[in-house]
């Protein structure tokens, strides 16, 4: 069995080109998921009737099932529905034109939303309720309290959790290789398909992911130190 | 492309898939057991700062937590035949089941090591000092005083690790393992109803995960019977 060292480098050169797509598939879901999570949190804090149960089920389902299933459910489930809508409103486009990575981002946004709901929730749980009472006592509205008091403190405390989620989603993008998205792992499979040097290609992929993860971890350190500046004691 | 969506097929697929659930659980159990033991061996050098082993453990943990599980699966799957080929044993026809268990064990070990380390770190140092003061040796103090408390603190994280590992096992089909997801793939090719199969798979995974979560919640309550409850923003009446 010949171990092809130079191939690791040439494989990595091909894979590095797909890092932007990979990062996009990791970051966009977290951004969209954040909005979804905010919606969930607002529903839970203000206990909006009927939606609380939906929120609980949504978070429970998307945290308990594997991400590959989320991707498959969206990838297989949305196009027929979208085609129906398109023909009903005579919009003229078909779901075939949507690239697979869009579906991956859609699915992962829902996944991220569930995890982010729990992360923000735990950040809020760590907060002192006296802050909220004080906010109402000086006349802030619900929306102002949420925006100016609850959310900033919850987010600051949750920075390590956010980075962990970011790293987790970077790794989750590798699942997109199963639906033939040309990201890092997918490219590794393609690149190794002529000379069957799969081991070398995947070692190269591992190195790339590892380096990206280490970069994200150091970013986490920087962010934590910056946030700690604002966390003085009392007066 | 496909036949029309058929709700009844989901009901037919669930029992077929559940028949392979034991394989998935077997992979999960084996990888958790080996992973926990290996994780303990990785955590100890880190906790006690043993010179070279500490750095090796650090690199190991960093690698297995810094790379996706799917890439790890492929590396182990292609790597085992490569390694054993060097000493002349041909394992290229090996059942991918073993590669999957090995990968998940190695990966879980890294996660377990971090959880154990955090758990040990959360035990009050006074406990160790008190143990030494009554004459216990280093390893006795660790085994009898620190580790039990550390494991109690780490229990919720362990529960999360188990469920996370369950979700990771859903990827084993990509190296050819015939577990629940693998059976799902064969169902898709034979029935041509992929969405129904994935919905059925989701139902089974969700049910199993909910059972696990319920178990860990109950177990955690019994282990932590005497802790006081904290009032949070979610308990306030905001209207």
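Values quoted throughout were computed directly from the atomic coordinates according to the rules given, and no laboratory measurement underlies them. Values in this document were obtained by computation on a predicted structure and should not be read as measured data. We place every Cβ from the backbone using ideal geometry, glycine too, and count neighbours over all the protein chains shown.
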Centre separation in Å (Cα based) which lies between region A:91-123 and region B:118-187:
32
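What value, in deg cm²/dmol to 500, does the helix sum -39500 (n - 2.57) over DSSP H runs of n ≥ 4 give at 222 nm once divided by the residues of chain A?
Values: 11 runs with 174 residues, N = 235.
Computed ellipticity for chain A at 222 nm equals -24500 deg cm²/dmol.
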Rounded tilt (10° steps) of B:180-191 against the dominant C-alpha axis of chain B:
10
Can you tell me the 0 to 90 degree angle between the C-alpha axis of helix B:96-121 and the longest principal axis of chain B, rounded to 10?
30
Helix-derived mean residue ellipticity, 222 nm - over chain B, DSSP H n ≥ 4, -39500 (n - 2.57), to 500:
-25000 deg cm²/dmol
When chain B is treated as a GNM, springs tying every alpha-carbon pair under 10 Å, which of B:140, B:149, B:185 comes out with the largest mean-square fluctuation?
B:140
What one gets for chain A as the Kirkwood radius, inverse of mean 1/r over different Cα pairs in Å, is 20.3
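Taking Cα pairs under 8 Å and at least six residues apart, what relative contact order does region B:7-235 come out at, in percent? If you can, show how the numbers build up before the last one.
On the way: 224 pairs, mean separation 68.9, N = 229.
Relative contact order for region B:7-235 comes out at 30 percent.
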Based on other C-beta atoms within 10 Å, arrange B:91, B:18, A:141 from fewest to most.
A:141, B:91, B:18
Over the protein assembly as shown, one equal point on each Cα, no solvent: what is log10 I(q)/I(0) by the Debye formula at q = 0.06 Å⁻¹?
-0.31
Arranged by the count of other C-beta atoms within 10 angstrom, fewest first, what order do A:224, B:213, A:183 take?
A:224, B:213, A:183
Bounding extents of region A:121-235 in its principal axis frame from Cα atoms, largest first in Å, are 70, 28, 16
Can you tell me the relative contact order of chain A? Whole percent, Cα pairs under 8 Å, sequence separation 6 or more.
32
